[in-house]
Amino acid sequence: MSFTGSSVGPGGGTVRRALEFGRTYVVRPKGRHQATIVWLHGLGDNGSSWSQLLETLPLPNIKWICPTAPTQPITIFGGFPSTAWFDVGDISEDAADDIEGLDAAAAHVANLLSTEPADIKLGVGGFSMGAATSLYSATCFTHGKYENGNPYPAKLSAVVGLSGWLPCSKTLKNKIGLDEAARRAASLPILLCHGKGDDVVPHKFGEKSSRALSSNGFQDTTFKSYSGLGHYTIPEEMDEVCAWLTSKLGLEGRSA
């Protein structure tokens, strides 16, 4: 997928837009607070819609933080502005990644997690390009830094990606070679879910992302396919997410 985040300024130089993130919605835990997860929406959406869904899940021990992406011109929309975590130029396997946009989005996620208490487990998840940002955050965590070289500060305990893909998959093996990075990768639980009928982000992208993670040392990667599911979520998929988070984060259990 192609993600070019810069625009050409006077004299041919690139000028990065100063992006402002939108409103953040928080769903408080209904039981004992054990984990905090930042959940990232898809292209053109906002944090509110997902916060309303997440509030209905039987996960009383999780605090959900649902930020809203910046509004920025999107190449795939012909430059028309939309809420997006990074720029998208094309849905194809060989296109470049908007590294600057991904770094900014991953840093925003880490910043939202930075004020959580030390005994709280931290996670990140999302849908579509929100899933892509979550998986990119996972690689920053294992590498210990963003692509721009700045240190990645959050300690992630779970990553969920629905109907998404892994950015920068071709350079992943360069990041996981070091002992500490390999150890982090091996112990980080990742759940990927994808509909076989997805006509926006094809199922094969999710499948290949899962294989790329597994083959580069992410040993606790789970990939779930759903027949007939398009580019949206269904209760069966969210049930899977609930059970997986409860298990991987060691949560006290579901509420009635």
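Would you kindly calculate the translational diffusion coefficient of segment 179-256, applying Stokes-Einstein with the Kirkwood radius from alpha carbon pairs, for 25 °C and a viscosity of 0.890 mPa s, and quote it in µm² s⁻¹ without decimals?
Diffusion coefficient, whole number: 179 µm²/s.
Which FRET efficiency value, to the nearest 0.05, is calculated for Q52 and D220 with the Förster distance at 41 angstrom and r the Cβ-Cβ distance?
0.85
Please compute the modelled spin-label separation between N150 and S187, points set 7 Å along Cα→Cβ, answer in nm with one decimal.
2.6
Write down the accessible area per residue of the chain in Å², having rolled a 1.4 Å probe over the full set of protein chains.
For the chain, the per-residue accessible area is 43 Å².
In whole percent, and with a 1.4 Å probe on the protein chains, what portion of the accessible area of segment 94-163 is carbon and sulfur?
51
Could you order the peptides 192-205, 60-73 from most to least packed, using the average number of other C-beta atoms within 10 Å per residue?
For the peptides 192-205, 60-73, the packing ranking is 60-73, 192-205.
Once label points are set 7 Å from the Cα along Cα→Cβ at both K196 and A243, what is their separation, rounded to one decimal in nm?
Result: 1.8 nm between the two label points.
Which semi-axes, in whole Å and largest first, does the equivalent ellipsoid of segment 128-248 have when worked out from the alpha carbon gyration tensor as the square roots of 5 times its eigenvalues?
25, 15, 12
Kindly rank 154-165, 130-141, 211-222 from highest to lowest mean number of other beta carbons found within 10 Å of each residue.
By packing density, highest mean first, the sequence is 130-141, 154-165, 211-222.
Going from the alpha-carbon gyration tensor of segment 64-203, what semi-axes, largest first and in whole Å, does one get by taking the root of 5 times each eigenvalue?
So the three semi-axes of segment 64-203 are 24, 17, 16 Å.
Hey, rough spin-label estimate for K204 and I120, points 7 angstrom out along Cα→Cβ, what's it come to in nanometres?
Between K204 and I120, the label points sit 4.2 nm apart.
In the chain, what is the count of Lys pairs whose alpha carbons are under 12 Å apart, counting only pairs at least 8 residues apart or on separate chains?
9
Report, please, the projected area of the chain averaged over directions, based on the convex hull of its C-alpha atoms, in nm².
Averaged projected area of the chain's Cα convex hull equals 13.2 nm².
The values are calculated or read from the model by the stated rules, or taken from the named source; none is laboratory data. For clarity, every value in this text was computed on a predicted model and none was experimentally measured. FYI the Cβ positions are ideal-geometry reconstructions off the backbone, even for glycines, and counts take in every protein chain you see. We work out accessible area using only protein heavy atoms, side chains counted, and drop any ligands, DNA or RNA first. Shrake-Rupley method; radii C 1.70, N 1.55, O 1.52, S 1.80 Å.
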